[in-house]
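Asker: This is the structure I have questions about; it appears just below.
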Amino acid sequence: MASAPTSKYNSHSLENESIKRTSRDGVNRDLGEAVPRLPGETRITDKEVIYICPFNGPIKGRVYITNYRLYLRSLETDSALILDVPLGVISRIEKMGGATSRGENSYGLDITCKVRDSVLSYEGHSRRDMFEILTRYAFPLAHSLPIFAFLNEEKFNVDGWMVYNPVEEYRRQGLPNHHWRITFINKCYELCDTYPALLVVPYRASDDDLRRVATFRSRNRIPVLSWIHPENKTVIVRCSQPLVGMSGKRNKDDEKYLDVIRETNRQISKLTIYDARPNVNAVANKATGGGYESDDAYHNAELFFLDIHNIHVMRESLKKVKDIVYPNVEESHWLSSLESTHWLEHIKLVLTGAIQVADKVSSGKSSVLVHCSDGWDRTAQLTSLAMLMLDSYYRSIEGFEILVQKEWISFGHKFASRIGHGDKNHADADRSPIFLQFIDCVWQMSKQFPTAFEFNERFLITILDHLYSCRFGTFLYNCESVREKQKVTERTVSLWSLINSNKDKFKNPFYTKEINRVLYPVASMRHLELWVNYYIRWNPRIKQQQPNPVEQRYVELLALRDEYIQRLEELQLASSAKLSDPSPSPSSPSQMMPHVHTHF
């Protein structure tokens, strides 16, 4: 049986932490109960089992299945093991062994997670009922059952669905203006069913122009604005590949439209196009009707390929990472094993591409158009990371939520296909860790700029945990049109509700707010590292001590900062009162201000 991102190995620390959090995270925990429950979560069954722990061998325990989680508690006095696994994390459930199988623990269930593998084995019990129950609730879509997010009855004092308002976000960027307008041509998702209802396009381009351009872009994903520089007015524009094909087709409307985008800033002579793909892949896409912008057709544009590989390469790379970190980390060949995964090389290429986009826009040399094949994977990585480097607002907790909501969720990253929420087809070729890779890049940036981000590591890990958990509706489905049809904002809870109702837990106490500072991370293999606290956190031999001393110090520093701010405000009020007091002033300036004793 597998542990999910939220698993705990020390039962006492988990229980104590759970009890403390009752009022904050909405979890209902009766102290007499053996398993925690969320509002709307119901217990289905429980059974005594043998858990084959990869670190400690067979452990007798009791497993509880609800409509949301698999929860296993050790029954052995010398083991404090607890596994708390949201069913949404499970990728595959298989029967292990047969009726004639020989040997201890050779008959049971093998459960593979989207994050790591493990085994649960039975002795002397039928496994059929557990197999059927787990399969039914881990893969609800295959059994005409709702995903748990639609059953979740948690209540928070903040509505996370109110975080992102596209009109307000574009207004924050100073839009619309004389060169860019907001269009509602896609309000019924007729122009492009994977784009949001509201788009920002060049003022000089009519809605009819947009319809003609859409016929020449893959999936009708036309070039639209993501971000505009507040000073030099260069822009980041995103789209999908042009439908050039083997015959080298051209489209005058598309060529003219890209020229109109370039002319929104009179200071630039060329529009820079960053194609995220390797050159050879872009050429190969011509065989399936795609392609790229040639110099012959787009005279006022220059094209660069960024050599970022496709979803299949990324999936295999992460699989290799999982293989080297679970169940054993082989110390003697660690560096060569990590290198063989190529994971950090892919992180480097994504960051390098985003840096190029950010630098081109920040310098005012050119506006930038970004695309890959369909414009919903590598494109989202590049635009969102470049915007994070350029715009300090996105480095705040709320700003980052808006960035994810805007560039990933509303612009149609295929979360359902890439993650496989509630779907039993674990071998689906569409599965890929594209969003995980983006969050990894953000973590790499936060390591290099420890004071630049308002959020801490726990914030990023929480987002990834609930990317898989199916507890919230935030990452469900592939695009905005489907979410609207399923009434996701009305029927589910937003992840941002959980986070924003308890922001202090996710704050970086070393955060220093800076305006208009551009971050250029060093995208060198020497400066990149494997995110151990995420990828290897369930290995008790690697796992940091609990509670995490760094997080504890974070909390202490936040409390200390708040204390000093409060004392400073009190001193300022006292000083103002004395200055406005008509009574005779003290004889010396030192008498006017009380002495402040601090730890610094």
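Asker: Taking all protein chains as present, what is the carbon and sulfur share of the accessible area of the stretch 166-542, in % to the nearest whole number, probe 1.4 Å?
Answerer: Details: 7020 of 14370 Å².
Ligands and nucleic acids excluded, carbon and sulfur reach 49 percent.
Asker: Determine the principal axes of the Cα atoms in the stretch 314-389, then give the extent along each, sorted from largest to smallest and rounded to whole angstroms.
Answerer: Between the extreme Cα coordinates on each principal axis of the stretch 314-389 lie 48, 25, 17 Å.
Asker: I'm spelling it out carefully: the read-out is volume of the Cα convex hull per residue in Å³, the candidates are (i) 235; (ii) 257; (iii) 203, and one was derived from this structure. Which label?
Answerer: Only one option fits the structure, namely (iii).
Asker: Ok, one more. In Å², what does the accessible area per residue of the chain work out to with a 1.4 Å probe?
Answerer: On a per-residue basis, 44 Å².
Asker: With all pairs of different alpha carbon atoms counted, what Kirkwood hydrodynamic radius in Å does the stretch 161-240 show?
Answerer: Details: mean 1/r = 0.0763 Å⁻¹.
Over the stretch 161-240, the inverse of the mean reciprocal pair distance is 13.1 Å.
Asker: For the chain, which span is the longest to avoid every loop-located (per DSSP) member of GluC sites (Glu not before Pro) having at most 14 other Cβ atoms inside 10 Å?
Answerer: Of all site-free stretches, the longest is 331-513.
Asker: Moving on to the next point. Just the number, please: percent antiparallel of the DSSP beta bridges in the chain, rounded to the nearest 5.
Answerer: Percent antiparallel among DSSP bridges in the chain is about 80.
Asker: Just how large is the dipole of the chain about the Cα centre, in debye to the nearest 20, putting +1 at every Lys and Arg Cβ and -1 at every Asp and Glu Cβ?
Answerer: So the magnitude is around 600 debye.
Asker: In whole Hz and in residue order, list the ³J(HN,Hα) couplings for the stretch 333-342 that follow from phi through the Karplus curve 6.51 cos²θ - 1.76 cosθ + 1.60, θ = phi - 60°; x for Gly and Pro.
Answerer: For the stretch 333-342, the Karplus-derived couplings read 10, 4, 5, 5, 5, 5, 4, 5, 6, 6 Hz, x marking Gly and Pro.
Asker: A follow-up question, please. Roughly speaking, what is the centre-to-centre gap between the stretch 167-191 and the stretch 203-282 when only Cα atoms are used, to the nearest Å?
Answerer: 16 Å
Asker: Once amide H atoms are placed 1.01 Å from N in the peptide plane, what residues at a sequence separation of 5 or more from Thr66, or on another chain, have their amide H within under 5 Å of its amide H?
Answerer: Ile44, Tyr71
Asker: Trypsin sites (Lys or Arg not before Pro), restricted to the stretch 417-513: which are DSSP loop and have at most 13 other Cβ atoms within 10 Å?
Answerer: In loop regions of the stretch 417-513 (DSSP not H, G, I, E or B), the sparsely surrounded trypsin sites (Lys or Arg not before Pro) are Lys487, Lys513.
Asker: Please tell me the relative contact order of the chain in percent, rounded to the nearest whole number, where contacts are Cα pairs under 8 Å and at least six residues apart.
Answerer: Working: 1031 pairs, mean separation 83.5, N = 600.
Value for the chain: 14 percent.
Asker: Return the whole-Å distance between the Cα centroid of the stretch 47-77 and the Cα centroid of the stretch 431-476.
Answerer: That distance is 29 Å.
The values are calculated or read from the model by the stated rules, or taken from the named source; none is laboratory data. Here the structure is a predicted model, which means the values were calculated and not measured. Positions of Cβ are generated from backbone atoms using ideal geometry, with glycine treated the same way; all protein chains shown enter the neighbour counts. The area values use the complete protein model at the heavy-atom level, side chains included, leaving out ligands, DNA and RNA. Shrake-Rupley method; radii C 1.70, N 1.55, O 1.52, S 1.80 Å.
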